[in-house]
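Below: one structure, written as structure tokens.
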Amino acid sequence: AASRCRGAAIMLSWLVLLALAEAAPPPYTRMEREAAPQLTIIPRRQRQCAQACVRKGDGYVYAQHLRKAGGTLLRQYLARYRCKPFDTIVSKRQRLVQRGVPRAHTAHTVIQGENAFNPQSILMRPSTVYVTILRDPISRVASSFFADDGVHFENWLEGIQRASQERSKDATAFHSSQRVWPLSVKIHEEVANYYVQVFSGVAAHPITQKHFDAAVSTLSNFDVVLVLEHLSTPDGRKEAMSLLERALPLPSIARCPPSIRPRPVNSGRKGVLTEGQRRRIADLNVYDVKLYEHAVTLMNARIASVDMECAPRNCSAAPDDSLNLLHGEDALDSCGRLIPRKCRRDA
């Protein structure tokens, strides 16, 4: 009887191991392992060649849409950059369902708002222009709170933190089994150091200096880094426009050129955080505040910089199309939704 029990226990153990093996993701290939986030410093590279590729209509444009940080402004600008204005008046339904037509001499443009950015893309896709916009981290979380709940602050905060801890736990378990971080991770909502997680490419709770350093190096390689608060004045909008126009130029005769049109970021309930709530958010976002300050420095430096010429040799250089991690919503899919009405009627 004892022998049969031992045999049954061994069989049960094998069945459990077999079930775990079947549930585990398949091991990454060599190329996938090389493409996974490394949490290392990516040296700052000259970006003029990527911008020259995009200027010819080659290369790629990638925008990282950060939740409640002004990303819709960026989507609107990129839709007007990429989409040819409608040359006939069509119904609202037709505008929303039909795919737009690209302007001449514009590059393929995608906007990602659900997943973290994989920093290896900067090395794998050198002919891409990278664009993003950030907002003061405390204001961003406050805007998210009033849009999502606006009443039960502690319950809302704790619920998102629990999800963040689970996401971090899953990423750590994946790293333990695969010895690499996941190629991509979904981070739709976060209240603690959201920016650092997005730009390091790794879901982590808590964040460490290593994550922050990786995020700084990633953001430093973005061609255009905007700050929402800088757009509150006409001069600030003008400077932001100059950065975008240099990175994503259009012919001077182009109809309906893109522009930044400030609009309210918050939606849902209106309200103001208490001092205690603001301190709580600040304590959760120490690294994000530092990364935001770095973004302000980057933006000011790019505004003051002078572009250098570059004659790119290969605008489509990439190791393998299957490892293109720059997924997102194609700007052409949002033409009818984001292009202002007056531009839809231009011939």
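The values are calculated or read from the model by the stated rules, or taken from the named source; none is laboratory data. What you are looking at is a predicted structure, and each value in this text was computed from that prediction instead of being measured. Every residue, glycine among them, receives a Cβ derived from its backbone with ideal geometry; neighbour counts consider all protein chains shown. SASA here: full protein model, heavy atoms, side chains in, ligands and nucleic acids out. Shrake-Rupley method; radii C 1.70, N 1.55, O 1.52, S 1.80 Å.
Brief remarks follow.
- Residue 180 surrounded by fewer than 23 Cβ atoms within 10 Å (Cβ to Cβ), under 14 Å from residue 294 (Cα atoms) and aliphatic (A, V, I, L, M): no
- Looking across segment 256-291 at every residue that is assigned to a loop (DSSP other than H, G, I, E, B) and loosely packed, with under 13 Cβ neighbours inside 10 Å, the one that is modelled with the highest pLDDT is identified as 274.
- Residues that are β-branched (Val, Ile, Thr), under 30 Å from residue 326 (Cβ atoms) and not in a helix (DSSP H, G or I), drawn from segment 131-163: 131, 132, 133
- Listed by position, the helices (runs of 4 or more DSSP H) inside segment 1-88 whose residues that are surrounded by 14 or more Cβ atoms within 10 Å (Cβ to Cβ) and either at pLDDT 90 or above or of a type in the set (Asp, Glu) (or both) number at least 3 are 71-82.
- Taken together, 222, 199 contain a single residue that is touching a residue at least 60 places away in the same chain (Cβ under 8 Å), hydrophobic (A, V, I, L, M, F, W, C), buried (at least 18 other Cβ atoms within 10 Å of the Cβ) and not in a loop (DSSP other than H, G, I, E, B), which is 199.
- Residue in segment 110-126 that is in contact with a Cys (Cβ under 9 Å, 6 or more places away or on another chain) and modelled with pLDDT of 90 or more present: no
- Residue list for segment 246-255, restricted to those being assigned to a helix (DSSP H, G or I) and either at pLDDT 90 or above or among the hydrophobic types (A, V, I, L, M, F, W, C) (or both): 247
- Output for segment 232-250, where each listed residue is touching a residue at least 12 places away in the same chain (Cβ under 8 Å) and either closer than 18 Å to residue 135 by Cα or open to solvent by less than 10 Å² (accessible area, probe 1.4 Å) (or both): 232, 237, 239, 240, 241, 243, 244, 247, 248
- Number of the condition not met by residue 229 [criteria: (1) touching a Lys or Arg at 6+ places or on another chain (Cβ under 8 Å); (2) in a helix (DSSP H, G or I); (3) crowded, with 18+ Cβ neighbours inside 10 Å; (4) not hydroxyl-bearing (Ser, Thr, Tyr)]: (3)
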